[in-house]
1. Would you call Arg57 assigned by TED's automatic domain parsing to the domain that holds His181, in a helix (DSSP H, G or I) and at pLDDT 80 or above?
2. So which residues in the range 99-116 are under 11 Å from the mean Cα position of the chain (by Cα) and of a type in the set (A, V, I, L, M)?
3. Would you confirm, using the coordinates I've provided, whether Asp62 is under 21 Å from the mean Cα position of the chain (by Cα), surrounded by 12 or more Cβ atoms within 10 Å (Cβ to Cβ), under 29 Å from Gly140 (Cβ atoms) and assigned by TED's automatic domain parsing to the domain that holds Ile134?
4. Residue pairs, Cβ under 8 Å, 6 or more apart or interchain, first in the range 6-33 and surrounded by 12 or more Cβ atoms within 10 Å (Cβ to Cβ), second in a helix (DSSP H, G or I) and modelled with pLDDT of 80 or more. List them.
5. From Ser119, Ser55, Ser131, Ser69, which residue is under 14 Å from the mean Cα position of the chain (by Cα) and farther than 14 Å from Leu184 by Cβ?
6. Note down all Cβ pairs under 9 Å where the first residue falls in the range 161-188 and is touching a residue at least 24 places away in the same chain (Cβ under 8 Å), the second is in a helix (DSSP H, G or I) and basic (Lys, Arg), and they're at least six residues apart or on different chains.
7. Being surrounded by fewer than 19 Cβ atoms within 10 Å (Cβ to Cβ) and in contact (Cβ under 8 Å) with a residue 24 or more places away in the chain is the filter here, so list the residues in the range 70-95 that pass it.
Amino acid sequence: MGKREMRKELAALSFSEKVKILQKLRKRSLVFADARLRASERTKMPIKLFACIESHRQHELDEENGYWSHDEFPAAVASLCEEFSLPYSQKFVSIAVIGSRDDESIVCPAFGESVLLNSDAVLPLIQIGCSDDIQNVAEGKRGSGVLLKDLSNVSTPGKIGALEAAVAKRSNAKYAEARIHVGLKREHVAPGWRSEEDDPISQAGLWPDKE
């Protein structure tokens, strides 16, 4: 069944029927969350990686160039990277890094939906690690003893250790930040996440796009 036909079929359902579907999707999401937790415990990964993706741009994950972040003050970030001999690119993806036991809700939702990333796929791509928001550091809003490190030529275990240290030194931000210089793709996202664009409940109009 195509998406258009599915939307028509779902839109024709009563509210109570839509709620039943929502309840099934919630149960499925809890199963995925439990599976993610067990996988994390098996690998004993000390950190979790997230990207904040704007809902109206989620389709970019499936496009050739992928999804990109942006700086409000790129000149300041470029200057910071030059000062500390860090790799810099105007095209990057910002990665929020938190501890494995941290509540995922601390990842700032201001820039979109917080999406858990596949650490195995993303860690090798990381170029920079910072114990605070890199743009805030560039703008002079530094915490005490900011950790700012070039990770471009560091091994994956070395990157994990450096990012774990960055998380431990958080001060101004609730999360540490890392950056990659390639577009974020669907394969970089942890299994189980479903974009709003692919969610049948959203497509059926259970919730309006705008209040």
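The values are calculated or read from the model by the stated rules, or taken from the named source; none is laboratory data. Quick caveat, the model's predicted, so the values are computed rather than measured. Reconstructed Cβ throughout: ideal geometry from the backbone, glycine too, with neighbour counts over all protein chains shown.
1. Working: assigned by TED's automatic domain parsing to the domain that holds His181: yes; in a helix (DSSP H, G or I): yes; at pLDDT 80 or above: yes.
For Arg57, the condition - assigned by TED's automatic domain parsing to the domain that holds His181, in a helix (DSSP H, G or I) and at pLDDT 80 or above - is met.
2. Residues of the range 99-116 that are under 11 Å from the mean Cα position of the chain (by Cα), as a first pass: 104, 107-109, 111-116.
Selection gives Val107, Val115, Leu116.
3. Details: under 21 Å from the mean Cα position of the chain (by Cα): yes; surrounded by 12 or more Cβ atoms within 10 Å (Cβ to Cβ): yes; under 29 Å from Gly140 (Cβ atoms): no; assigned by TED's automatic domain parsing to the domain that holds Ile134: yes.
For Asp62, the condition - under 21 Å from the mean Cα position of the chain (by Cα), surrounded by 12 or more Cβ atoms within 10 Å (Cβ to Cβ), under 29 Å from Gly140 (Cβ atoms) and assigned by TED's automatic domain parsing to the domain that holds Ile134 - is not met.
4. From residues that are surrounded by 12 or more Cβ atoms within 10 Å (Cβ to Cβ), the pairs are Leu10/Ile21; Leu13/Ile21.
5. Numbers: Ser119 fails: farther than 14 Å from Leu184 by Cβ; Ser131 fails: under 14 Å from the mean Cα position of the chain (by Cα); Ser69 fails: farther than 14 Å from Leu184 by Cβ.
Step by step, each of Ser119, Ser55, Ser131, Ser69 is checked, and only Ser55 is under 14 Å from the mean Cα position of the chain (by Cα) and farther than 14 Å from Leu184 by Cβ.
6. Short answer, once both residue conditions are applied: Ala178/Lys159.
7. Keep residues of the range 70-95 that are surrounded by fewer than 19 Cβ atoms within 10 Å (Cβ to Cβ), which gives 70-76, 78-79, 82-85, 87-91.
Answer for the range 70-95, where residues must be surrounded by fewer than 19 Cβ atoms within 10 Å (Cβ to Cβ) and in contact (Cβ under 8 Å) with a residue 24 or more places away in the chain: Asp71, Glu72, Phe73, Ala76, Ser79, Phe84, Ser85, Pro87, Ser89, Lys91.
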